[in-house]
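A.B. asks: Below you will find the structure I want to go over with you.
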Number of protein chains: 2
Amino acid sequence: MVHKIIKLAVTDVRFPTSLEQHGSDAMVRSLALRLLEAHLHGNFPTLQHRDPDYSAAYVVISTDVGLRGYGLTFTVGRGTEIVVCAVEALAGLVVGKSLEEIISDFRGFYRLLTSDGQMRWIGPEKGVIHLATAAVLNAVWDLWARAEGKVGCGADPKQIVSCIDFRYITDALTEQEALDILMKAQEGKQQREDQMLKEGYPAYTTSCAWMGYSDQQLKQLCTDALNNGWTKFKMKVGADLEDDIRRCRLIRQMIGPDNTLMIDANQRWDVGEAIAWVSRLAEFRPLWIEEPTSPDDILGHAAISKCHNRVMFKQFLQASALQFVQIDSCRLGSVNENLAVLLMAHKFQVPVCPHAGGVGLCELVQHLILFDYICVSADLNNRMCEYVDHLHEHFTSPAVIRNACYMPPKDPGYSSEMLESSVHTHQYPEGDVWKTLLNK
Amino acid sequence: MVHKIIKLAVTDVRFPTSLEQHGSDAMVRSLALRLLEAHLHGNFPTLQHRDPDYSAAYVVISTDVGLRGYGLTFTVGRGTEIVVCAVEALAGLVVGKSLEEIISDFRGFYRLLTSDGQMRWIGPEKGVIHLATAAVLNAVWDLWARAEGKVGCGADPKQIVSCIDFRYITDALTEQEALDILMKAQEGKQQREDQMLKEGYPAYTTSCAWMGYSDQQLKQLCTDALNNGWTKFKMKVGADLEDDIRRCRLIRQMIGPDNTLMIDANQRWDVGEAIAWVSRLAEFRPLWIEEPTSPDDILGHAAISKCHNRVMFKQFLQASALQFVQIDSCRLGSVNENLAVLLMAHKFQVPVCPHAGGVGLCELVQHLILFDYICVSADLNNRMCEYVDHLHEHFTSPAVIRNACYMPPKDPGYSSEMLESSVHTHQYPEGDVWKTLLNK
């Protein structure tokens, strides 16, 4: 059966999360909050960079036989319309092709999208155009899995390798090495799959300690999380040192000495500043410092960093500049590019701890980390996947957490489909939620 | 006098340069050419990535006193509409401010544009959003120079330093170091200025050897260039090794053993491939190999590379991974960020040889390289600025070349204003040029 793609639709979907300071860190502050403040105070306050409105460029591709694929990339409010514009620019490369044509040369299709002679200039493979590529390819992977009635990506080593563009990384990982890794990991695969179905994949929570939360709120959330079996916690730092010390102390008291604490500075510091700041927080024993400085700064060596493509990850690994690899289902070029990074991480023996949260990142990334455990690394040591307890209710197959573990998804596809009603009401700026907020 | 910015307009301007294979290299092939082929052959041929349509997101900011500032960022066709969308997203941060307010804290204004809490996510400082930032800030610099009746950027060391955002680069260059460099270069400044006015700044030409040119065309262009005093030539390589060898041999024969030859692979190779390929071309003694691999690959060390921001330049310099610094007036965050790179290049004692060509890059970058010589490096050794002889006729103050040197511009501003008629006819897709092409 051939699935010809006849349409690609993209929607600017925004959730006014900033109204409750969910997702607040040292760098973001939202339109929604500023609109509210403007309403309360009668004018627009200065930007404070505190609160994001979790958003997505949401892609639906339709085929002539009725099957659809859903994909998205995560954004934090303003600028989503630019990513939508970029998705529209890529649509012409997708519509008219069949799914079968795409997967028969998925590497070629990946390169078609990322190496279009003219659009390459405005990247390449970074920023807006790469986020758009991720949204489009995520929808293709979802369509593929649905067409085959499978969950997430398949597991045939040769087919997996044929999806990866090795351009610019062959000095770190060749196609043959990738194939060898995958072949070797065939051993014990069934046991690991069974184990995952039973126990799930270990997760950590970032829901307890956003920057904008009050101490009272933070305490309550920690208590609840501990009661629900959470043992690993991440908090946001970087806006004010004394405040960070107080909040680190508080959360360490709440979770006790044996649980795990991670901190995330969201690119707040210069290299020297990061070293000084972090040494003051060392007494709270964070396992890692996430994004202490510019995500472009390999030599400024983050302990853990969200890279924008496989070439950046390659260098961080080659330079021994990160101790944990933090993949992202929506910033990298979909499953294709994440596969390259998972394989490189395995070769360099660095544990993978995916970034998640936002809108849909948990839903998508669980497929990647399960694949990593079952088909690549066969290792759970020092590994865990981020979890944030927001906005899952908008998805048709939301992520399921049990005992602080991701339980493997059961529905065919990439878990990337949103409820139609959610998309409809949160469309920006014409959905009801935004009409109400903007008219206030 | 206060200049309040009351409007920011942006236009998608495209020149169908691909019709004549101007600008063809190993990675681009244009819409215009494909449209023409489609017209000739009755169908759309496969992408070949050969020819760009030189384009720009062209910004005009208007003030309440009638003065205007003009700015642009250079693109190569498809995708320009995405940059236009990004400029529109930034417009709200500019309109309503006065020029005086901006320049009194230019560093703060730069950071406002590059660190907006939500839009930062879709960069930061890279790809589409950074190109848009460049276009907007280029217009602000043009407005500033016009308001003061000056050419290019001023030269007061303290004011210069106040324009630079040192975030993420203080481990390589502090504000004090920058100030010291500029103060020291005050010595001999007048002589260098006079020298430039008399002799101009040395240039090299990329107009003779685009990939799509025939041998006959190449020979004729080399002959003409030699007759016009050119001594330094750059050619495009990377599509086919045997063809490169033949073309390198031909151009080396044409220009003789004493003139300078550079080669540019436009990110075509993997690291190993680059080494193998370039060693075959070594007999033609290229001075540099430009962009052999991914522009993100610091450890894959390009000899010369177009970086997308100051953080990438910093690392290339720290890692001794480039032997020439290739600034770009439209890919970096305008004069502000180029200043940071010029100062770092000086500190690390690496010569600056700017990227130019495209649309308007020569017009803008001449200001930067003159500033570098007069106010920073005081050095012409191993330094030259790229020149490409296309599309200058669309500017109100086109770059002037005499004896293969850039002659200092004389009109107030940043030389970034296009002729209204050129903008009008080349607007995409509604300008006459495109209406005709698209209806064929």
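A.B. asks: Residues that are under 30 Å from A:P157 (Cα atoms) and aliphatic (A, V, I, L, M), at least 2 per element: which helices (runs of 4 or more DSSP H) completely within the range A:226-342 meet that?
C.D. replies: Result: A:310-318.
A.B. asks: B:V359 - would you say it is in contact with a Leu (Cβ under 8 Å, 6 or more places away or on another chain), in a helix (DSSP H, G or I) and surrounded by 23 or more Cβ atoms within 10 Å (Cβ to Cβ)?
C.D. replies: In short, no.
A.B. asks: Could you run through the range B:146-184 and say how many residues are aliphatic (A, V, I, L, M), touching a residue at least 60 places away in the same chain (Cβ under 8 Å) and in contact with a Pro (Cβ under 6 Å, 6 or more places away or on another chain)?
C.D. replies: 2
A.B. asks: Do we have B:I275 as surrounded by 19 or more Cβ atoms within 10 Å (Cβ to Cβ), assigned by the TED database to the domain that holds B:D240 and closer than 15 Å to A:Y168 by Cβ here?
C.D. replies: When the stated conditions are applied, B:I275 does not pass them.
A.B. asks: Return the residues of the range A:198-223 that are more than 17 Å from A:R252 (Cβ to Cβ), at pLDDT 95 or above and over 22 Å from the mean Cα position of the chain (by Cα); say none if nothing qualifies.
C.D. replies: A:K198, A:E199
A.B. asks: Pick from B:L197, B:L179: which is more than 27 Å from A:I122 (Cβ to Cβ) and touching a helix residue (DSSP H, G or I) at 6+ places or on another chain (Cβ under 9 Å)?
C.D. replies: The unique qualifying residue is B:L179.
A.B. asks: Give just the number: which of (1) buried (at least 22 other Cβ atoms within 10 Å of the Cβ); (2) closer than 30 Å to A:D270 by Cα does B:G238 not satisfy?
C.D. replies: Against the list (1) buried (at least 22 other Cβ atoms within 10 Å of the Cβ); (2) closer than 30 Å to A:D270 by Cα, B:G238 comes up short only on (2).
A.B. asks: Related question: Suppose the filter is surrounded by 20 or more Cβ atoms within 10 Å (Cβ to Cβ) and of a type in the set (D, E); does A:D258 pass it?
C.D. replies: No: the conditions fail for A:D258.
A.B. asks: On to the next question. Take the residues in the range B:47-89 that are on the phi > 0 side of the Ramachandran plot and within 12 Å of chain A (Cβ to nearest Cβ), then tell me which one is nearest to the chain's Cα centre (by Cα).
C.D. replies: Ranking the candidates gives B:G77 first.
A.B. asks: Of the residues that make up the range B:216-223, is at least one assigned to a helix (DSSP H, G or I), out of contact with any Ser or Thr (no Cβ under 6 Å at 6 or more places or on another chain) and either over 20 Å from B:E20 (Cα atoms) or aromatic (F, W, Y) (or both)?
C.D. replies: No; the residues of the range B:216-223 include none that is assigned to a helix (DSSP H, G or I), out of contact with any Ser or Thr (no Cβ under 6 Å at 6 or more places or on another chain) and either over 20 Å from B:E20 (Cα atoms) or aromatic (F, W, Y) (or both).
A.B. asks: Just the residues that are small (G, A, S) and part of a strand (DSSP E or B), please, taken from the range B:200-215.
C.D. replies: The answer is B:A203, B:S207, B:A209.
For every residue, the table says whether it meets (1) surrounded by fewer than 24 Cβ atoms within 10 Å (Cβ to Cβ); (2) more than 23 Å from B:A203 (Cβ to Cβ); (3) more than 14 Å from every other protein chain (Cβ to nearest Cβ).
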residue	(1), (2), (3)
B:A303	yes, no, yes
B:K306	yes, no, no
B:Q323	yes, no, yes
B:S329	no, no, yes
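A.B. asks: So, in the range A:209-235, exactly how many residues are of a type in the set (G, A, S), surrounded by fewer than 19 Cβ atoms within 10 Å (Cβ to Cβ) and more than 28 Å from B:G117 (Cα to Cα)?
C.D. replies: Residues in the range A:209-235 being of a type in the set (G, A, S), surrounded by fewer than 19 Cβ atoms within 10 Å (Cβ to Cβ) and more than 28 Å from B:G117 (Cα to Cα): 1 in total.
A.B. asks: Separate question: Quick check on my filter: what residues within the range A:122-168 are assigned to a loop (DSSP other than H, G, I, E, B), within 14 Å of chain B (Cβ to nearest Cβ) and small (G, A, S)?
C.D. replies: A:G123
A.B. asks: To continue, here is another question. What residue, among those in the range B:94-121 that are more than 9 Å from chain A (Cβ to nearest Cβ) and assigned to a loop (DSSP other than H, G, I, E, B), is surrounded by the fewest Cβ atoms within 10 Å (Cβ to Cβ)?
C.D. replies: B:G96
A.B. asks: Now for a separate question. If you scan the range A:278-301, which residues turn out to be of a type in the set (V, I, T) and crowded, with 21+ Cβ neighbours inside 10 Å?
C.D. replies: Residues satisfying the conditions are A:I289, A:T293, A:I298.
A.B. asks: Could you run through the range B:410-428 and say how many residues are surrounded by fewer than 22 Cβ atoms within 10 Å (Cβ to Cβ) and at pLDDT below 95?
C.D. replies: Of the residues in the range B:410-428, 3 are surrounded by fewer than 22 Cβ atoms within 10 Å (Cβ to Cβ) and at pLDDT below 95.
A.B. asks: Something else about it: Search the range A:51-76 for residues that are more than 22 Å from A:L19 (Cα to Cα) and pair each with any residue that is among the aromatic types (F, W, Y) when their beta-carbon atoms are under 6 Å apart and the residues are at least 6 apart or on different chains.
C.D. replies: A:V60/A:Y70; A:L72/A:Y58
The values are calculated or read from the model by the stated rules, or taken from the named source; none is laboratory data. Since we're looking at a predicted model, the values are computed, not measured. Cβ atoms come from the backbone with ideal geometry, glycine included; neighbour counts cover every protein chain shown.
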